[in-house]
Ligand SMILES: NC(=O)c1ccc[n+]([C@@H]2O[C@H](COP(=O)([O-])OP(=O)(O)OC[C@H]3O[C@@H](n4cnc5c(N)ncnc54)[C@H](O)[C@@H]3O)[C@@H](O)[C@H]2O)c1
């Protein structure tokens, strides 16, 4: 007896552009979309990061192309979108995942006076302006086809401001409201716009945060960065961290036809840490 055909979620053969694709969550999103048969344009400010991501996708039956892209640069956003559209003859899904928490030497808040203007500006430039610029460039190619998906990676911090990272929290809240505004604008084009709000993922970004927490607060001194991360995980209702695939699968769902009537939402994937 033959098994029934796999349920088609409408993603096979679509083309997705993912920013920050060289990083932890970006790679998880790429793997989950690749599993669904989505062709991938993998963009990152780090050339080697984008290339490594594309190399990792070789095991899937799709094509994956790396692009070097600084999302804060309008002309680079336009050039990459043009290049992707030329290469794949389409652009169906955009995942704005690139994000930062300040410059390499950023300071945590508590007190607020420790946050400097440069960290505020760097964070807003990548996390907010970058999303705006890439959406603006991409929509030119996405409109008029009756189908499209934009998925913005916000954060639990954008739903519930965190005292040590007020600049980052504010930037991620801005992403949610931008998501809603754009969702309304493009709804009748058949384009949905949603946000995903991850909680705690053990990536380069979290390692950076844990180091800063240890430097600043006596209760974290003597702990490894991983132990500090685990303390935060333990405080969540489910008590488990999120894998990069936990985020990727929600992105794949939002991109699929299963989510065709969902738009303007900000979905928490955070072990129940925030419930409003
Ligand atoms: N790790 C977490 O716990 C967590 C929680 C909530 C939200 N997030 C968000 O998830 C996203 C991915 O974070 P991550 O944890 O994978 O971090 P990461 O540091 O591993 O990855 C971020 C990627 O973005 C790239 N990037 C940075 N600036 C860029 C720019 N100007 N243009 C293009 N690419 C740029 C980096 O090179 C890196 O590859 C971010 O938006 C982050 O704010 C992460």
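The numbers here are math on the coordinates, done by the rules we state, and not lab data. In this text, all values refer to a predicted model and were calculated from it rather than measured experimentally. A quick note on method: Cβ atoms are made from the backbone with ideal geometry, for glycine too, and the neighbour counts reach across all protein chains shown.
Of note:
- The stretch between residue 181 and residue 221, if pulled fully straight at 0.36 nm per residue, gains 10.1 nm over its current Cα-Cα span.
- Compared with the rule-of-thumb size 2.2 N^0.38 Å for a compact globular protein, region 182-276 has a Cα radius of gyration ratio of 1.36.
- Multiplying the residue separation of residue 231 and residue 55 by 0.36 nm and removing their Cα-Cα distance gives an extension gain of 59.9 nm.
- Sorted peptide list for 135-141, 216-222, 228-234, 13-19, criterion being average Cβ within 10 angstrom, highest first: 13-19, 135-141, 228-234, 216-222
- Distance between modelled label sites at residue 188 and residue 143, nm, 7 Å Cα→Cβ extension: 1.2
- Label-to-label distance for residue 112 and residue 136 is 2.9 nm, based on points extended 7 Å past Cα in the beta-carbon direction.
- For peptides 201-207, 150-156, sequence by mean Cβ density within 10 Å, most packed first: 150-156, 201-207
- Paramagnetic label reach from residue 90 (point 7 Å along Cα→Cβ; backbone nitrogen cut-off under 17 Å): within region 36-66, residues 36-42, 61-65.
- Evaluated over the Cα positions of region 51-114, the convex hull gives a direction-averaged projected area, one quarter of its surface, of 6.7 nm².
- Gain on full extension, evaluated as 0.36 nm per residue between residue 63 and residue 211 minus their Cα-Cα distance, stands at 49.6 nm.
- Comparing mean-square fluctuations of 237, 111, 198 from a GNM of the chain with C-alpha springs under 10 Å, the top value falls on 111.
- Region 1-90 - Rg over Rh from alpha carbon coordinates, Kirkwood radius: 1.05
- The chain, helix-only ellipticity at 222 nm - DSSP H runs n ≥ 4, -39,500 (n - 2.57), divided by all residues, nearest 500: -13000 deg cm²/dmol
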